[in-house]
């Protein structure tokens with residue numbers, strides 16, 4: 001095994017390639033045929049096209065643990081674990097691009113190429129966490145956005161209740177703000193936990209892996225309308241979250257598990273105004289991508305023509321990139337900083353620890 005520092009240096013070109021895939025996902029989907037932006041009539045779902053391109057480009061597969069499947073035929077709030085940048089496409093793909101993800105405004109600033117398309121077709125909600133001074137106004141804004149979402153009347157919401165990305169071997173405490181919104185609107189809740197997402201694209205460790213197999217688990221639906229007291233509701237959500245976290249993170253990524261098969265809406269009711277905005281975003285950012293590619297190509301040609309040192313630099317860069325991409329496809333993912341254990345995965349909740357312990361005992365047996 002390579003030392004961590006050498007693995008980081010080797011993996012840098014592949015990591016930058018993965019970030020480029022994410023940044024330019026709508027343009028990549030367009031250029032590879034996943035997205036047919038000229039089709040103004042007939043089946044079309046631009047968000048699903050971009051997600052399918054990313055899953056193909058990264059070679060990700062998701063296997064599902066026994067149990068319930070994500071509910072797709074009613075308005076839901078999905079509570080999902082937050083691990084890395086790849087959450088932005090893995091979780092949405094797993095849910096068939098049906099919910100609106102609630103993301104911080106910083107995402108729009110960091111990835112304007114794909115958020116401009118998502119905003120055009122109303123497939124993302126961006127907010128400023130520090131700018132929320134009136135909670136009820138924020139909740140009313142959420143109500144309006146969900147009412148006008150692309151998959152009405154079943155427009156659901158995807159929430160990361162931990163509030164921050166974390167790669168610890170245990171969950172962060174769940175934030176209560178969105179839980180209060182869910183409870184006040186009497187919305188049904190489903191917990192979705194996926195293990196291994198940080199292997200696909202890990203911004204904190206600057207690494208990427210092509211061809212990862214992930215494991216996901218889904219809880220039963222919790223009907224918030226049946227629990228009048230918020231504290232009791234929050235406690236029940238935490239119990240379900242802890243149990244599902246433990247169940248997923250002790251599971252083996254076995255080929256015996258079935259592949260997850262989401263159910264997207266392939267014919268979205270986009271309005272002419274949405275299609276016009278999306279076309280403008282796609283044309284602008286595709287032109288930007290092609291201009292940058294041309295600029296980079298001409299820079300390399302000029303460097304190679306500058307003399308032996310320039311030629312050697314271009315050749316070295318090419319070899320480094322090729323080796324990096326090969327390593328990202330062939331080498332196993334870097335070892336986690338700390339392996340999950342039943343003790344670490346279980347919170348103070350006894351059921352979560354029991355689930356982990358039972359799974360470990362079954363494996364040993």
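Restricting to the chain, what percent of DSSP beta bridges are antiparallel, rounded to 5?
Numbers: 9 of 26 bridges.
Percent antiparallel among DSSP bridges in the chain is about 35.
In the chain, the longest principal axis of the Cα atoms and the axis of helix 308-330 are about 30 degrees apart.
Suppose R0 equals 30 Å. What FRET efficiency, 1/(1 + (r/R0)^6) with r the Cβ-Cβ distance, do residue 255 and residue 74 give to the nearest 0.05? My answer for the efficiency is 0.40.
Directionally averaged projected area (the chain, Cα convex hull): 20.5 nm².
The orientation-averaged projected area of the convex hull spanned by the Cα atoms of segment 41-152 comes to 8.7 nm². Annotation for residue 32 and residue 126: the two label points, set 7 Å from Cα along the Cα-Cβ direction, are 2.4 nm apart. Once the C-beta distance of residue 323 and residue 263 is scaled by a Förster radius of 30 Å, the resulting FRET efficiency is 0.15 to the nearest 0.05. With a Förster radius of 25 Å applied to the beta-carbon distance between residue 168 and residue 12, the computed FRET efficiency rounds to 0.50.
The long axis of helix 272-304 is offset from the longest Cα principal axis of the chain by roughly 40 degrees. Sorted largest first, the principal axis extents computed over the alpha-carbon atoms of segment 184-330 equal 75, 46, 31 Å. Look at the alpha carbon pairs under 8 Å that are at least 6 residues apart: their mean separation over the length of the chain gives a relative contact order of 26 percent.
Of the peptides 264-271, 223-230, the order by per-residue mean of other Cβ atoms within 10 Å, starting with the highest, comes out as 264-271, 223-230. Principal axis extents of the Cα atoms in segment 257-330, from largest to smallest and rounded to whole angstrom, are 57, 42, 8.
Could you tell me the relative contact order of segment 22-161? Use alpha-carbon pairs under 8 Å, at least six residues apart, and round to a whole percent. Present the calculation step by step, with values, prior to reporting the outcome.
Numbers: 158 pairs, mean separation 42.6, N = 140.
Relative contact order here is 30 percent.
When 244, 145 are sorted by how many other C-beta atoms sit within 10 angstrom of their C-beta, beginning with the fewest, the order is 145, 244.
Taking only the alpha carbons of segment 53-110, we obtain Rg and Dmax values of 12.7, 39 Å in that order. Ranked for footprinting exposure by Cβ neighbours inside 10 Å, fewest first, 120, 204 give 204, 120.
Helix-derived [θ] at 222 nm for the chain: sum -39500 (n - 2.57) over DSSP H runs of at least 4, divide by residue count, nearest 500?
Details: 14 runs with 183 residues, N = 365.
Helix-only estimate at 222 nm: -16000 deg cm²/dmol.
The modelled label-to-label distance for the pair residue 312/residue 109, using points 7 Å beyond Cα in the direction of Cβ, is 4.3 nm.
Read-outs throughout are calculated quantities, based only on the coordinates presented, and are distinct from any laboratory measurement. Owing to the predicted nature of the structure, the values given are computational and were not obtained by experimental measurement. With ideal geometry, Cβ positions are generated from the backbone for all residues, glycine too; neighbour counts draw on all protein chains shown.
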